[in-house]
1. Quick one: in region 169-179, which of the residues that are in contact (Cβ under 8 Å) with a residue 40 or more places away in the chain and of a type outside the set (Val, Ile, Thr) is surrounded by the fewest Cβ atoms within 10 Å (Cβ to Cβ)?
2. Exactly one of (1) buried (at least 17 other Cβ atoms within 10 Å of the Cβ); (2) part of a loop (DSSP other than H, G, I, E, B) is unmet by residue 123. Its number?
3. So, in region 180-207, exactly how many residues are polar (S, T, N, Q) and either open to solvent by less than 20 Å² (accessible area, probe 1.4 Å) or farther than 19 Å from residue 151 by Cα (or both)?
4. Only one of (1) over 19 Å from residue 169 (Cβ atoms); (2) modelled with pLDDT under 95 fails for residue 118. Which number is that?
5. Just to be sure before I move on: is residue 158 open to solvent by less than 30 Å² (accessible area, probe 1.4 Å) and of a type in the set (A, V, I, L, M, F, W, C) in the structure I sent?
6. Would you point out which residue out of 36, 65, 47 is in a loop (DSSP other than H, G, I, E, B) and open to solvent by 20 Å² or more (accessible area, probe 1.4 Å)?
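The values are calculated or read from the model by the stated rules, or taken from the named source; none is laboratory data. Worth saying up front: this structure is predicted, and the values here are computed from it rather than measured. Cβ placement follows ideal geometry from the backbone for every residue including glycine, while neighbour counts extend to all protein chains displayed. Please note that ligands, DNA and RNA were not included when accessible areas were found on the heavy atoms of the full protein model with its side chains. Shrake-Rupley method; radii C 1.70, N 1.55, O 1.52, S 1.80 Å.
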Amino acid sequence: MGKLTLYGIDLSPPVRSVLLTLNALGLPFEYKVVNLLGGDHLKPEFLKMNPLHTVPTLDDDGFYLYDSHAINAYLVAKYGKEDSLYPKDLQQRAIVDQRLHYDSSVIGSTVRAITYPLIRENQTEIPQAKIDALSGVYESLNTFLKSTDYLAGNNLTIADFSAIAILSGTSIFLEVDATKFPNLAGWVQRIKKLPYYEEVNGSKVSQFTNFIKSKNFKIV
């Protein structure tokens with residue numbers, strides 16, 4: 001296999017989802033931290049790889065790919081010893097794809113609506129309606145998990161990695177109530193038992209939550 005290099009930052013949930021996939025596959029890779037505040041992502045050499053100047057960005061021996069969902073699917077398809085993380089069966093894969101699209105279009109947008117004003121606009125008040133929307137996301141995920149152990153069935157997939165990477169940081173805004181969302185709460189605990197979870201995602205979430213806490217926000 002060629003040399004794999006992942007460009008990213010630990011604060012980014014999409015980056016952490018790719019780190020989870022790389023570790024699940026047992027792939028050797030180099031991780032290069034991109035200093036976004038220093039403008040590393042706007043340098044010509046980075047723009048050559050990714051004209052959208054976003055992280056994560058993957059360099060697979062000169063093949064460049066960005067967007068975590070695309071990267072994770074590519075990694076499993078090319079390097080997976082078997083396909084359970086992203087099944088070849090079209091119906092099983094369709095369910096994984098649906099969950100990935102839900103992650104990008106609903107989970108991601110709901111969480112960004114909360115975090116973007118705090119991080120980029122220095123706002124300190126979060127409207128209750130945005131927290132209610134997050135609760136709605138929890139409810140949908142709880143429904144997905146009604147009869148399965150994982151989001152797309154009874155096997156772990158890249159859909160789980162995408163979702164846990166972002167949801168592991170949302171408890172600072174709204175805890176996953178095990179009484180109200182028992183299926184979701186159980187899923188979170190199953191993911192946390194993965195042997196590589198704590199190093200790859202769990203230990204890095206605190207960086208995100210501490211950063212958010214520094215904004216001294218309140219829900220109104």
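1. Applying the filter and picking the extreme gives 174.
2. (1)
3. Of the residues in region 180-207, 4 are polar (S, T, N, Q) and either open to solvent by less than 20 Å² (accessible area, probe 1.4 Å) or farther than 19 Å from residue 151 by Cα (or both).
4. (1)
5. Yes: the conditions hold for residue 158.
6. One residue alone meets the criteria, 36.
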